[in-house]
Amino acid sequence: MRIIEAKDYADLSRKAANVISAQVILEPHSVLGLATGSTPIGTYKQLIDWYNKGDIDFSKARSVNLDEYIGLDGTNDQSYRYFMDNNFFNGINIKKENTYVPNGMAEDLEAECARYDELISSLGGIDLQLLGIGHDGHIGFNEPGAAFEKTTHIVELEETTIKANARFFGSEEAVPKKAITMGIKSIMRAKRLLLIANGPDKRDIMEKALHGPVTPMVPASILQFHPNLTVVYCFE
Ligand code: PGA
């Protein structure tokens, strides 16, 4: 495990973007596992900036996202597809058809989970997976208690996650109660992991995740077992 302390959020974003950029420069066909949330926004902005300067070419890259709300389609401004298009994909030259987000509108959601796992395998697996961490230790939508051996599956969101996300939806009632998420097993299969955490409110959970016992009650704690984990954090 490599643990890198950043000076501030801008520094964290540059360092994370540097890792992703190196991946794409060294392997242009990389499969990037991507994440939503407030933490990666600066990383995506930095990558867009470097793309505009001509430093990175995403034309051969592929991407798979961790999760999506059930019941929201890509035109809904709270969907994760919308987030990714607007915070990243529209600013770079990745081909839209090579960007994958689970389909939260699928009629058969179980089949959609199986399709997503097959898709990741058919792409050759994830080369670099970017991860944020929730205050309860969740990664993707794998909430405390989630079995470590799960691949893509459907989850009911925890009350704390619904509350944390209510700010984006205007009210708790408007937050979807279910999501499709890659499982811990899908995440652990990625060749490299890049975990980013920003802000004083992430200090406690990061301490538990990186240095506490490995337990399903802290889903991110399993990352301690990954052979190629890089962590970039700033608790200021
Ligand atoms: P945040 O979310 O980046 O908005 O803090 C992280 C997460 O819940 O995975």
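Values quoted throughout were computed directly from the atomic coordinates according to the rules given, and no laboratory measurement underlies them. Please read these numbers as outputs of a predicted model, since none were measured by experiment. With ideal geometry, Cβ positions are generated from the backbone for all residues, glycine too; neighbour counts draw on all protein chains shown.
Things worth noting here:
- CD proxy at 222 nm, helix term only [per DSSP H run n ≥ 4: -39500 (n - 2.57); per residue of the chain; nearest 500]: -10000 deg cm²/dmol
- Between residue 53 and residue 211, the FRET efficiency estimated from the beta carbon spacing at R0 = 35 angstrom works out to 0.35.
- At least 24 Å along the helix axis (C-alpha) and Kyte average at least -1.0, DSSP helices within the chain: 9-26
- Each Lys or Arg adds one and each Asp or Glu takes one away; over the other residues whose Cβ falls under 13 Å from the Cβ of residue 153, this sums to -4.
- Cα convex hull of segment 2-234 - mean projected area over all directions, nm²: 11.6 nm²
- Karplus-derived HN-Hα couplings along segment 56-71 (A = 6.51, B = -1.76, C = 1.60, θ = phi - 60°), whole Hz, x at Gly and Pro: 9, 10, 9, 5, 9, 6, 10, 9, 10, 8, 5, 7, 7, 5, 7, x
- Cα-projected label distance for residue 41 with residue 25, points at 7 Å along beta-carbon direction, nm: 2.8 nm
- Cβ crowding within 10 Å ranks 211, 226 as 211, 226, fewest other Cβ atoms first.
- Length, then width, then depth: along the principal axes, the Cα atoms of segment 126-236 run 40, 34, 25 Å.
- When DSSP beta bridges are restricted to pairs lying wholly in the chain, around 25% turn out antiparallel.
- Cross-link pairs exceeding 18 Å between alpha carbons, from the set 95/150; 15/185; 96/191; 96/150; 60/96: 95/150; 15/185; 96/191; 96/150.
- Loop trypsin sites (Lys or Arg not before Pro), segment 18-95 (other Cβ atoms within 10 Å of the site Cβ: 15 or fewer; DSSP): 53, 60, 95
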